[in-house]
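In what follows, a single structure is set out as structure tokens and then discussed.
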Amino acid sequence: MPDPAASDPADTPPLHPFARLTPDRVLDALADIGLRGDGRLTALSSYENRVYQIPLEDGQVVVAKFYRPGRWSEAQILEEHAFALELAQAEVPVVAPLRVQQRTLHQGGGFAFSVSPWRGGRLPELDEPEVLEWVGRYLARIHTVGARHPFACRPTLDIETLGWGPRDWLLTHDQLPLDVRSAWEAVSGKALELIANYPVLARYGGQKDSEEKPVVRLRLHGDCHPGNILWTPLDRPAAQGPGPHFVDLDDARTGPAVQDLWMLLSGERPERTRQLSLLLDGYEQFRDFDRRELALIEPLRTLRMIHYSQWLAQRRDDPAFVRSFPWFGSSDYWQGQVQALEDQLEALQEDPLWA
């Protein structure tokens, strides 16, 4: 006779898809494409996907990336891979996926996955002028390749997909506590209305009523923060060579060049101005930079803040997120977001950085 106290299976929430991705399944997926691990694997830091460092029996070390189900279509992932391989062919130091059995995207254990070579490195020291100039030079080379032709499937960075869309989703899915909902709704709406009225956005969007030449949109890294740059010091050259190596093109999309620069800036305004000047000193050795794009830095920062809250909210069923972001969804979190957006309202009305 069943225990009446036992929970009804219908009341048990389904396991997150990544719960099925056991170490055995990871190693079996690689073995199915001819890459036999030596039995070890190390989970690397990645909140969006699942990424593992895996030593192979032949002595190589690879990184296997298992994609979050439902985020990107196969065509979008393959377009990211093609961009990375195009950059690598142009001798830009990116970590591109390996072709295994004539493919870069594979299926195993119920997941799409790719394999890339392991590369070592540390965070770049962005207070060093030489480092900033070096990174700027390579960003220019990324953008030179990115300007050759457009993405066909990857998304475009704009106010709808990163601003109004995430805001509406958060409100309609009741993600905000009642005590802070109205304040966040008001300040986020004011910020987006202010961004929508930026003259440079009309030029960026290329509307026909704009008399000026539109800001160029090109293929970007898309998420170029310091954590996505591996740095090998000059005095300790590795097999891949010294300097920066760019990783994780998972957020590659179409947008303005400044998107790949602004996340490398930090500190008070004078320090950010110095950093920007050094980045552009390196950048403009290889490619012209349209100074009008500097007016987009604070709008892009604001859009990222709103989109980030949606990104977290949509992953609350992932046990890894619960462990890493236990504070998300609390009144304190959203009150902090209200304050941050109020600060952004002021920043949006200041003169842009200039270099």
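Just so it is clear, none of the values below were taken in a lab; they were calculated from the coordinates. What you see is a predicted model, and the numbers here were worked out from it, not measured in a lab. Please note: Cβ atoms are built from the backbone with ideal geometry, for glycine as well, and neighbour counts cover all protein chains shown.
Apply the a/c threshold of 1.5 to the C-alpha gyration tensor of the range 90-163 and tell me whether it is rounded, prolate or oblate. Walk me through the intermediate numbers first.
On the way: a/c = 1.85, a/b = 1.29, b/c = 1.44.
Cα axes put the range 90-163 in the oblate bin.
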Using helices alone, what [θ] at 222 nm do you get for the chain, with -39,500 (n - 2.57) per DSSP H run of 4 or more residues, divided over all residues and rounded to the nearest 500?
-12000 deg cm²/dmol
Under 1.5 on a/c is rounded, so check that first for the chain, then, if it is not, pick prolate when a/b is larger than b/c and oblate when it is not; a ≥ b ≥ c are the square roots of the alpha carbon gyration tensor eigenvalues.
oblate
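Going highest first, how would you order 287-296, 321-330 by mean Cβ packing within 10 Å?
287-296, 321-330
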7 Å from Cα along Cα→Cβ at both ASP24 and SER331: what's the point-to-point distance in nm?
4.8
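Give, in nm to one decimal, the length gained when the segment between GLU130 and THR161 is fully stretched (0.36 nm per residue of separation minus the Cα-Cα distance).
On the way: separation 31, 0.36 × 31 = 11.16 nm, distance 3.56 nm.
This chain segment gains 7.6 nm when fully extended.
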Between VAL100 and ASP168, what is the label-point separation in nm under the 7 Å Cα-to-beta-carbon projection?
4.1
Mean Cβ-within-10 Å packing, highest first, puts peptides 186-196, 143-153 in the order 186-196, 143-153
What FRET efficiency comes out for TRP118 versus ASP288 if R0 is 35 angstrom and r is the Cβ-Cβ distance? Round to the nearest 0.05.
0.50
Ranked output for segments 126-139, 109-122, 28-41 by mean other Cβ atoms within 10 Å, highest leading, reads 126-139, 109-122, 28-41
So how much slack lies between ASP281 and ALA82, counting 0.36 nm per residue of separation and subtracting their Cα-Cα distance, in nm?
68.7 nm
Using only the Cα atoms of the range 9-117, build the gyration tensor, take square roots of its eigenvalues as a ≥ b ≥ c, and label the shape rounded, prolate or oblate: rounded if a/c is under 1.5, else prolate if a/b is larger than b/c, else oblate.
oblate
